[in-house]
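All remarks here apply to the structure that follows.
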Amino acid sequence: MKANTIIFDLDNTIYSESDYFHCVFSQFCEGNNIDFEIFQFLFDDFDYFRFNKKDIFKFALEEVNLFNVSYHNQLFQLFVDIECDIKPYSGIADWFEYCLNNNFKIAILTNGIIAAQNNKWQCLNLTNKEKCHFVPARTFQHEKPSMDAFEGILEQLNVSWDQCIFVGDRYENDIEQGIKNGSQGMLIGNKLNHINIPSFESIQEAFNYFQTL
């Protein structure tokens, strides 16, 4: 069956998650009269710290000798409800518009704390969001790559595996389950096509390819 549904990951697929954290730390520093520059180390290698530190707020505060419960709670609260303007990656708005004009369903399935993921989506400066089906994976009690998360969104969309294309920046979380069950996949931010699926350095490159399908 020809694909008619595209399911995106959110963080580091549609936008750069470091931009959101930058807003969180900037507002935290402003509210507490702290020089933001002391946290610059975090953003110099953000992807590494985000992936390897279970509690990135605790880690960052401890690194600059500022950890206390109040500061930690402030950062977490900003993480789930900050008001800010986040720009999507170049090409994503055009991709959404193209899909809608060609009768594709668009969905976003994202790991993470439900309130925070909802807030990121709210802060994202992107047209046509109201026409997309946005679902935090924890809605289904399990995060990607759990089968429950994937089957949950397929049921909500009323589509089958072979109707879907999964797009994300992490193969194991975002794409592998779909490939195993007959979907197509596109990996973003990976130069090497070592897993035998289309891989692209940017959303714009992936969108250009998508238009040829």
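The values are calculated or read from the model by the stated rules, or taken from the named source; none is laboratory data. Everything numeric here is computed off the predicted structure, so don't read it as measured data. Every residue, glycine among them, receives a Cβ derived from its backbone with ideal geometry; neighbour counts consider all protein chains shown.
Residues checked against (1) surrounded by fewer than 19 Cβ atoms within 10 Å (Cβ to Cβ); (2) out of contact with any Gly (no Cβ under 6 Å at 6 or more places or on another chain); (3) under 19 Å from Val80 (Cα atoms); (4) among the small types (Gly, Ala, Ser):
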site: Glu130; (1), (2), (3), (4): yes, yes, no, no
site: Val135; (1), (2), (3), (4): no, yes, yes, no
site: Ser146; (1), (2), (3), (4): yes, yes, no, yes
site: Ala149; (1), (2), (3), (4): no, yes, no, yes
site: Gly152; (1), (2), (3), (4): yes, yes, no, yes
site: Glu155; (1), (2), (3), (4): yes, yes, no, no
site: Asp162; (1), (2), (3), (4): yes, no, no, no
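Check the range 66-79 and report whether any residue there is touching a helix residue (DSSP H, G or I) at 6+ places or on another chain (Cβ under 9 Å), β-branched (Val, Ile, Thr) and modelled with pLDDT of 95 or more. Scanning the range 66-79 turns up no residue that is touching a helix residue (DSSP H, G or I) at 6+ places or on another chain (Cβ under 9 Å), β-branched (Val, Ile, Thr) and modelled with pLDDT of 95 or more. Just so you know, in the range 95-128 the residues that are touching a residue at least 60 places away in the same chain (Cβ under 8 Å) and over 17 Å from the mean Cα position of the chain (by Cα) include one that is surrounded by the fewest Cβ atoms within 10 Å (Cβ to Cβ), and it is Asn103.
State yes or no: is Cys29 at pLDDT 95 or above, surrounded by fewer than 17 Cβ atoms within 10 Å (Cβ to Cβ) and either in a helix (DSSP H, G or I) or in contact with a Lys or Arg (Cβ under 7 Å, 6 or more places away or on another chain) (or both)? When the stated conditions are applied, Cys29 passes them. Within the range 166-182, the residues that satisfy the criterion of being surrounded by 22 or more Cβ atoms within 10 Å (Cβ to Cβ) and of a type outside the set (A, V, I, L, M) are Phe166, Gly168, Asp174, Gly178.
Checking each residue in the range 2-21 for being among the hydrophobic types (A, V, I, L, M, F, W, C) and either without any contact (Cβ under 8 Å) to a residue 60 or more places away in the chain or surrounded by fewer than 19 Cβ atoms within 10 Å (Cβ to Cβ) (or both) picks out Ala3, Phe21.
Comparison of Leu61, Leu66, Leu42, Leu75 shows that the only residue that is more than 22 Å from Lys131 (Cα to Cα), assigned to a loop (DSSP other than H, G, I, E, B) and over 14 Å from the mean Cα position of the chain (by Cα) is Leu66. Please state which of the following conditions Ser160 fails to meet, knowing it meets all the rest: (1) among the polar types (S, T, N, Q); (2) touching a residue at least 60 places away in the same chain (Cβ under 8 Å); (3) within 23 Å of Phe25 (Cα to Cα). Condition (3) is where Ser160 drops out. Taking each residue of the range 56-77 that is over 21 Å from Asn118 (Cβ atoms) and looking for partners that are of a type in the set (A, V, I, L, M) and surrounded by 12 or more Cβ atoms within 10 Å (Cβ to Cβ) with beta-carbon atoms closer than 7 Å, six or more apart or interchain, yields Ala60/Leu42; Val64/Ile38; Phe67/Leu61; Tyr71/Leu61; His72/Leu61.
Elements of the type helices (runs of 4 or more DSSP H) sitting completely within the range 95-193 and holding at least 1 residues that are more than 25 Å from Phe76 (Cα to Cα): these cover 147-157, 176-180.
Does Tyr48 satisfy the condition of being surrounded by fewer than 13 Cβ atoms within 10 Å (Cβ to Cβ), on the phi < 0 side of the Ramachandran plot, within 21 Å of the chain's Cα centre (by Cα) and in a helix (DSSP H, G or I)? Answer is yes for this residue.
Within the range 1-35, being in contact with a helix residue (DSSP H, G or I) (Cβ under 6 Å, 6 or more places away or on another chain) and of a type in the set (D, E, K, R) holds for Asp9, Asp11.
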